[in-house]
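Peer 1: Sending over a structure as structure tokens; questions will come in a sec.
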Amino acid sequence: MTSNRRTFAIISHPDAGKTTLTEKLLLQGGAIHLAGQVKARGDARRARSDWMKIEQQRGISVTSSVMTFEKDGITFNLLDTPGHEDFSEDTYRTLTAVDSAIMVIDAAKGIEPQTRKLFEVCRLRSVPIMTFVNKVDREGRDPFETLDEVADALALDVSPQMWPIGMGGLFEGLLDFRTGLVARPEGASKEFLGKRETDAAIPERYAEEIELAQAGYPEFDLEAYRNGDLTPVYFGSALKNFGVEELITAIADFAPPPRPQPAGEELIGTDHGEVTGFIFKVQANMDPNHRDRIAFMRQVSGTFKRGMKLTPSGLGKPIAVHSPILFFAQDREIADTAEPGDIIGIPNHGTLRVGDTLSETNKVRFTGLPNFAPEILRRVQLKDPTKTKQLRKALDDLSEEGVIQVFYPLIGGSSIVGVVGQLQLDVLVSRLSAEYKVEANLEASPFATARWLKGSDAAKDAFEKFNQGNIAHDRDGDLVFMAKSSWDVGYQQEKNPELTFSATKER
Ligand code: GDP
């Protein structure tokens, strides 16, 4: 049976139009579970209010974590990758739970730093990417320039699937290479309201450009796309509704259904004989007096039924999943079953950790759920030095939960915490105080990034001996090189070819 699920994320730099595109996708599809601003329709409205009840009871905001919509028999699970000030390791980890990604680029700005970071994480797992060049209703760069930039910067083949007929004030429509139809702007707002014409209507002066766009780039190749070697490129305007429908059709037709997931040497497919999944995100209660957490499980195989007993790998004994949050709950209050590709929210009191596998038999362990090298490192300074033990417990807990990473330097007493986004530091300080009664300051550290060291014990020992001031152990006791700059990483890698300086670590 081929799955009708498409589980994906949007990766972009702030302001490229992710929110606008998300809303348009949800409106085009019958949104089952809805983002904040989007107006609910019919049944979906009811589902949403049920939702908010759960959120109020538990004080956990999960509304936009997973958005589900349906179109032409396909169920789309869109996972939110928080950006802006919420940028954190969760953003990266969410990408371990999707089967494909849409990369949204501002037509005027091209590839921006956050797009590139998120892209690199997708590449780690060969997540296939479709590109959506947004805002063609505004003055932008020459589309050829954007295509070449994507190809060069990301070392990907690009295959344009659409073409903007003029841009900005000259924008006359969007040609879909697949159908040969041109979507036209209408009315004062110049939106796409459903009018399409044949390409005979394209002004002569664009003919040469379009011919070049079709002939000058590789043809779409499903296998190359699914291997992560080629990105089909769609143009459009999320704001004016151009290219959105074409994008949904492309996801339905080309984006991979739930992919098999690595578990050591094995690959676990959707038809594996039991329910399995892995936790990619844990969200804590916003009220520190509640210990409630929601763990988000990406289902990999089997048909999940409410009340089922699953064993988390970190716990070793089964838990009954009585009140799962199923994001596609449509016309029932809470759905009773879920399929591979779906996300299940599991309320718990801290028993479920990021990276845990859940299964019926406790025989599967999913791998490839890495920690990511932090980009912000801070020294933790206790206000009350007698609280060292409490601090250590707190840092260990919070790092297991995936809020921060913690490093214990060989030399010097204080711990170093690492995060990928600033907000995580604020969360850390307030949770230390509220939950562990530990008051701490975060101070500048001399380090800019960290790399996990891999290699023979002898090579690691030798390196450790000569670089004591730059060595730390992480929570699991693994050896970490604390680098003062990324240049430092490159330099040491060159000097120590027998060691690998890894930016990710498998749990
Ligand atoms: P996000 O930060 O990536 O979520 O971006 P938003 O969706 O919030 O969009 C950022 C800004 O760009 C907002 O002012 C949007 O109205 C605007 N915007 C988004 N898509 C388009 C588009 O296709 N055309 C134009 N002209 N503006 C857009």
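Peer 1: Mean 1/r over all different Cα pairs, inverted: what Kirkwood radius does region 340-464 give, in Å?
Peer 2: 16.7 Å
Peer 1: Tell me, rounded to the nearest percent, the portion of alpha carbon pairs in region 151-298 spaced more than 24 Å apart.
Peer 2: Result for the distance tail: 53 percent.
Peer 1: In addition: Using θ = phi - 60° and the Karplus curve 6.51 cos²θ - 1.76 cosθ + 1.60, what whole-Hz ³J(HN,Hα) does each residue of region 175-183 get, with Gly and Pro shown as x?
Peer 2: For region 175-183, the Karplus curve yields 8, 9, 4, 5, 9, x, 9, 10, 7 Hz.
Peer 1: As an exercise, use a Förster radius of 60 Å and the Cβ-Cβ distance of residue 315 and residue 215 to find the FRET efficiency, rounded to the nearest 0.05.
Peer 2: Efficiency for this residue pair is about 0.55.
Peer 1: Taking every alpha carbon pair in the chain, what does the distance histogram look like in 20 angstrom bins from 0, in percent?
Peer 2: With a bin width of 20 Å, the distribution comes to 22, 52, 25, 2.
Peer 1: Follow-up. Give the relative contact order (percent, whole number) for region 416-507; include only Cα pairs under 8 Å separated by 6+ residues.
Peer 2: Averaging sequence separation for qualifying contacts and normalising by length gives 31 percent for region 416-507.
Peer 1: Working from the alpha-carbon coordinates of region 317-400, get Rg over Rh, Rh being the Kirkwood radius. Could you put the intermediate results ahead of the total?
Peer 2: Working: Rg = 18.4 Å, Rh = 16.8 Å.
That ratio is 1.09, to two decimals.
Peer 1: Peptides 212-222, 71-81: what's the order by average Cβ count within 10 Å, highest mean first?
Peer 2: So the order, starting with the most tightly packed, is 71-81, 212-222.
Peer 1: Let me ask you something else. Please turn the phi angles of region 343-353 into ³J(HN,Hα) values with the Karplus equation 6.51 cos²θ - 1.76 cosθ + 1.60 (θ = phi - 60°), one per residue in order, whole Hz, x for glycine and proline.
Peer 2: Per-residue couplings from phi come out as 10, 10, x, 10, x, 7, 10, x, 7, 9, 10 Hz.
Peer 1: Starting from 0.36 nm per residue, how many nanometres of slack lie between residue 186 and residue 467 once their C-alpha separation is accounted for?
Peer 2: Numbers: separation 281, 0.36 × 281 = 101.16 nm, distance 6.58 nm.
Full extension of this stretch gives 94.6 nm more.
Peer 1: List every residue whose amide H lies under 5 Å from the amide H of residue 277, counting only residues 5 or more places away in sequence or on a different chain, with H placed 1.01 Å from N in the peptide plane.
Peer 2: Answer set, sorted by chain and number: 300, 358.
Peer 1: Can you run phi through the Karplus equation (6.51, -1.76, 1.60; θ = phi - 60°) for region 211-220 and list ³J(HN,Hα) in whole Hz, with x for Gly and Pro?
Peer 2: Once rounded to whole Hz, the list reads 4, 5, 4, 7, 8, x, 10, x, 6, 4.
Peer 1: Return the long-range amide H neighbours of residue 371 (sequence gap of 5 or more, or a different chain), with a cut-off of under 5 Å between placed amide H atoms.
Peer 2: Those lying under 5 Å, H to H, from residue 371 are 505, 506, 507.
Peer 1: Say the dipole of region 370-506 comes from +1 at the beta carbon of Lys and Arg and -1 at that of Asp and Glu; which of 456, 374, 415 then lies farthest toward its positive end?
Peer 2: Highest projection toward the positive end goes to 415.
Peer 1: I'd like the FRET efficiency for residue 491 and residue 429, computed as 1/(1 + (r/R0)^6) with the beta carbon distance as r and R0 of 25 Å, rounded to 0.05.
Peer 2: My answer for the efficiency is 0.15.
Peer 1: Under the 0.36 nm per residue contour assumption, what length would be gained going from the current alpha-carbon distance of residue 457 and residue 476 to full extension?
Peer 2: Full extension of this stretch gives 5.2 nm more.
Peer 1: Sort 92-105, 306-319, 471-484 by packing, meaning the average of other beta carbons within 10 Å per residue, with the highest value first.
Peer 2: Values: 92-105: 24.6, 306-319: 16.0, 471-484: 17.6.
Averaged packing, sorted descending, gives the order 92-105, 471-484, 306-319.
Peer 1: May I pose another question? Under the rule of at least 5 residues apart or a separate chain, name every residue whose amide H is placed under 5 Å from the amide H of residue 103.
Peer 2: 11, 130, 131, 132
Peer 1: Are any of the pairs 24/195; 309/454; 363/465 more than 28 Å apart by Cα-Cα distance, and if so, which?
Peer 2: Details: 24/195 17 Å; 309/454 37 Å; 363/465 40 Å.
As for pairs spanning more than 28 Å Cα to Cα, those are 309/454; 363/465.
Peer 1: For residue 109 and residue 139, calculate 0.36 nm times their separation in residues minus their Cα-Cα distance, and state this gained length in nm to one decimal.
Peer 2: Net length gain for the segment: 9.7 nm.
Peer 1: In debye to the nearest 20, how big a dipole does the chain give about its Cα centre with +1 on each Lys and Arg Cβ and -1 on each Asp and Glu Cβ?
Peer 2: Magnitude of the dipole: close to 2100 debye.
Peer 1: Would you mind working out the magnitude of the charge dipole of region 370-506 relative to its Cα centre, with +1 at each Lys and Arg C-beta and -1 at each Asp and Glu C-beta, to the nearest 20 Debye?
Peer 2: Computed about the Cα centre, the dipole is about 360 debye.
Only the coordinates and a few stated rules stand behind these numbers; no lab work does. Worth saying up front: this structure is predicted, and the values here are computed from it rather than measured. Every residue, glycine among them, receives a Cβ derived from its backbone with ideal geometry; neighbour counts consider all protein chains shown.
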